[in-house]
Amino acid sequence: MRNENIKRLAFVSAFVAIVLSFSGIVWGQQFQGAIYTSAGDGSVVNQNIYSNKSDVYLNGGPQNQNGPGLPDGTYYFQVTTPSGDLLSTDNAVCRQIKVVGGVISGADTLAAGLCAHPNGLFNPNNGSTPVQLMPFSDTTNAGGEYKVWLIRQATSTTISTLDPRVINFTNNNSKTDNFKVAAPTPTPDPCNVPNPPPDCNPDQGVVLSGHKFYDANANAVDNNEAPVAGITIVINWIDTAGSHTGTATTGIDGNWTFGPIPTGSTYTVYELVPCVDDNADLVCDAGHYWVQTAPVPDSQNFQGYNGTANTNVTGLNFGDICFGPASGGYTLGYWSNKNGEKVMTNGGPNGVDQTVYPATVGTGMNGDLLFLRNLNLKGSTGSNFDPTGYTQFRTWLLNGNAVNMSYMLSVQLSATSLDVRHKFLYDAQIVDARTVCNSAGTCLGFNSIGSIRQGADTSLNNFSYTISGDPHRQSQELLKNFLDSVNNNRLPFASVQPCAVFYPPPPPPPTPTPTPTP
């Protein structure tokens, strides 16, 4: 494909395109309001310089009460070079966001499905929820600069049929902001320098090195994620003199180096997984914990590296994620009592409108019921359940049972979906579901709330009546168990940022027993 096919186009394409939906705003001159990049917690970073791609979130709207807001509606975003070469690597439909109340209010995950970008944290100062910009390729700009575009949907906004990543639009339908991502610090190779020291002679030694990253999405892949410092790496090696053990510690850039060890040595490398000491009492906290995700365990359940040290070895990388107690889930009982009814009627706790997921279905009780009707909810006989009133919804919710597993899955899905819609929970939240199993002994691992919600909705669309003996019943039971546990806050939630690294001090040596005097 020619390069110009992946550039931002400032005119309506002559070829056939997919016309996007748009709101009722009158389009013409450039719209008001500002966009900017921020950290995942909504705080603005000075000079728009970030350490990693995963740190960059799109934000927008007033940062204070005096600033102008963005027009409400659905928008698209993209990352380019400053000259306009497209760097966003996923399809345009995956890059949809909502603006509600003049501020960016999270990804339009209902429209984008599983390809949606993760949301950051809700910022109570201005009501915004930033959206992560990854994935995007490295810029070719000599200064390391990127440009993010916020593009409103209009009649002149289209998606290319030649390349679904490309959005065609006019300049007056866009806002931009520039940012930089610092180049990652390469793993140092002490032997790859002019006049290397004598111990870099291949006949005398080999250097081992690697990197430690915070695997925020628990996918065992380093997507330019945050480095983790202070992790202990253990190196065992065997040479002609016998067996040896040494350690290295990851630096602030996450990198570690060890050696040299004699050429031809056989080695094993693994990390000491830390714990968390939230109470500052020098004891590992049972409520928070780290889990190693990369490298994945081998057939012997070993999570490390081994080999023969013939040349310098790089890429011995480790990934971890940390978890803590869950909060925010509300159960079937909540959504069927007066508290849940009040939230559905008023749009949020204490009447504060939090129904920004998605705003297109409206707010209040009618918006919530329409939101639920957009799901593939089922009743006891497998028929579609499309609630038009709260009393009808409450009765259906309270009568949920697992005779038809699709019915029980539906009621749990409705509760989780209302939790997400009202921003008690978030689709991007990673959950430790390794203990969630069905009756066949199949268990889940690390999953996001959004992926399980989407999987449940798809399963209900395909299999509406799963009574005893149905081959799809067990898979629905697994999804139901996950949603039930999330609604009851029984599963640990992952932290967006790395937890503190803590290794408990070694126990004191035992006091020697005095030898009795004869």
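The values are calculated or read from the model by the stated rules, or taken from the named source; none is laboratory data. Note that the structure is predicted; figures quoted are calculated from it, not measured. When we count neighbours, we look across all protein chains shown, and the Cβ atoms used for this are built from the backbone with ideal geometry, even at glycine. Just the protein is used for accessible areas: all its heavy atoms, side chains included, with ligands, DNA and RNA removed. Shrake-Rupley method; radii C 1.70, N 1.55, O 1.52, S 1.80 Å.
List of remarks:
- Selection of strands (runs of 3 or more DSSP E) fully inside region 139-230 by the criterion of at least 3 residues being in contact with a Lys or Arg (Cβ under 8 Å, 6 or more places away or on another chain) and either on the phi > 0 side of the Ramachandran plot or at pLDDT 85 or above (or both) returns 145-152, 174-181.
- As a summary of the residue check, Val283 satisfies the conditions (1) touching a Pro at 6+ places or on another chain (Cβ under 7 Å); (2) aliphatic (A, V, I, L, M); (3) closer than 29 Å to Leu444 by Cβ except for the one numbered (3).
- The set of residues in region 393-408 being farther than 14 Å from Met344 by Cα and out of contact with any strand residue (DSSP E or B) (no Cβ under 9 Å at 6 or more places or on another chain) consists of Thr395, Trp396, Leu397, Leu398, Asn399, Gly400, Asn401, Ala402, Val403, Met405, Met408.
- Residue list for region 237-259, restricted to those being more than 24 Å from Asn224 (Cβ to Cβ) and open to solvent by 50 Å² or more (accessible area, probe 1.4 Å): Ile238, Thr240, Ala241, Ser243, His244, Thr245, Thr247
- Within region 462-500, the set of residues being within 17 Å of Ser406 (Cα to Cα), open to solvent by less than 30 Å² (accessible area, probe 1.4 Å) and not in a helix (DSSP H, G or I) comprises just one member, Thr466.
- Among (1) hydroxyl-bearing (Ser, Thr, Tyr); (2) in a loop (DSSP other than H, G, I, E, B); (3) in contact (Cβ under 8 Å) with a residue 24 or more places away in the chain, the one test that Thr388 misses: (3)
- Residues considered: Val291, Val313, Val234. Of these, the only one that is surrounded by 15 or more Cβ atoms within 10 Å (Cβ to Cβ), of a type in the set (A, V, I, L, M, F, W, C) and within 19 Å of Gln497 (Cβ to Cβ) is Val291.
- Of all the residues in region 266-303, those that are at negative phi and in a loop (DSSP other than H, G, I, E, B) number 21.
A quick yes/no check of all residues on (1) touching a residue at least 60 places away in the same chain (Cβ under 8 Å); (2) touching a Leu at 6+ places or on another chain (Cβ under 7 Å); (3) closer than 30 Å to Val131 by Cα; (4) not in a helix (DSSP H, G or I):
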position: Trp396; (1), (2), (3), (4): no, no, no, no
position: Met408; (1), (2), (3), (4): yes, no, no, no
position: Leu413; (1), (2), (3), (4): yes, yes, yes, no
position: Val420; (1), (2), (3), (4): yes, no, yes, no
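- Residues (of a type in the set (S, T, N, Q), part of a strand (DSSP E or B) and touching a residue at least 24 places away in the same chain (Cβ under 8 Å)) located in region 78-107: Gln78, Thr80, Ser88, Ser105
- Of the residues contained in region 501-518, none is found to be touching a helix residue (DSSP H, G or I) at 6+ places or on another chain (Cβ under 9 Å), open to solvent by 90 Å² or more (accessible area, probe 1.4 Å), of a type outside the set (A, V, I, L, M) and part of a loop (DSSP other than H, G, I, E, B).
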